[in-house]
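Following: one structure in structure tokens, then a few remarks.
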Amino acid sequence: MSVITALTAQNTVGVQGVFEIPPEFVAQQIDSVVQDIGVDVVKTGMIANSAIIETVARKVREYRLMPLVVDPVMMAKSGDPLLHADARDTLIQTLLPLATVVTPNMPEAQVLSGFEITDLDGMKRAARAIRELGSQNVVVKGGHLLRADESVDVLYDGSHFELFSARRLETTSTHGTGCTFASAIAAELAKGATVREAVGVAKEYVTAIISASASLHLGHGHGPMNHMALLITQESVD
């Protein structure tokens, strides 16, 4: 079930417009879902302003909506901002402390931790700093780290680090990779997986989808992945 926090006019090259949903209507949507359908896990994505963030956090506490996966979406693949600068502190203070898992990419991790990340040690340091903000687990995604042959994500649970590596794929069909990754983690948690298991499955899924979408060329920028690619491939094999 979806609760819409903003409407965007966007394509593969950028975001042309954003219409933010009134916070009271966001709250009404959450009420509608929880009071009828029920919730096994929650994943948040683009929450553009402080008022909406505070509303979501309030409803998470009211209904005890756990597990909670927070994807701290701050900008689009094109670089266009999707979170008001003055809402960053609200995100940090109200939503991150409620999170079971937070999944920043490297630019987002730099904002949340307050320092530049240039290597794997920097990712680990950022994961430590972000966990101190309250999230139970932190996954710093390494897709932006310039490594020659692999993409490495770092999971930190407060005691241990675990690395999830995959072959780096050269393709422009990567629009929505972060959202997909966080959603896959949420789906696995809903099925009863541990955080470590969920991150592992999500990493494998996103890597496979990107690989299967390499020949999908839509638009003039970063096009979408084909989320049906694996199903289509499997049907072809069968």
Residue check, R125 against (1) among the charged types (D, E, K, R); (2) modelled with pLDDT of 95 or more; (3) under 18 Å from the mean Cα position of the chain (by Cα), all met but one. Which one? (3)
Of everything in the range 172-196, what is at pLDDT below 95 and either at positive phi or not in a helix (DSSP H, G or I) (or both)? Give them in sequence order. T172, S173, T174, H175, G176
Close pairs from the range 183-199: first of a type in the set (D, E, K, R), partner surrounded by fewer than 21 Cβ atoms within 10 Å (Cβ to Cβ), Cβ under 6 Å, at least 6 apart: E188/V201
Tally the residues that are modelled with pLDDT under 95 and in a loop (DSSP other than H, G, I, E, B), restricting the search to the range 4-37. 4
Spot the failing condition for R61; the list is (1) surrounded by fewer than 18 Cβ atoms within 10 Å (Cβ to Cβ); (2) in contact (Cβ under 8 Å) with a residue 40 or more places away in the chain, and only one is missed. (2)
Quick one: is E116 surrounded by fewer than 16 Cβ atoms within 10 Å (Cβ to Cβ) and touching a Gly at 6+ places or on another chain (Cβ under 8 Å)? yes
Scan the range 131-153 and give yes if some residue there is closer than 21 Å to G45 by Cα, modelled with pLDDT under 95, in a strand (DSSP E or B) and among the basic types (K, R), otherwise no. yes
Close pairs from the range 113-137: first more than 22 Å from I185 (Cα to Cα) and in contact (Cβ under 8 Å) with a residue 24 or more places away in the chain, partner among the polar types (S, T, N, Q) and surrounded by 17 or more Cβ atoms within 10 Å (Cβ to Cβ), Cβ under 9 Å, at least 6 apart: I117/Q110
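The values are calculated or read from the model by the stated rules, or taken from the named source; none is laboratory data. Just so you know, these numbers come straight off a predicted model, no measurement behind them. Here the Cβ is made from the backbone with ideal geometry for all residues, glycine too, and neighbour counts use every protein chain on show.
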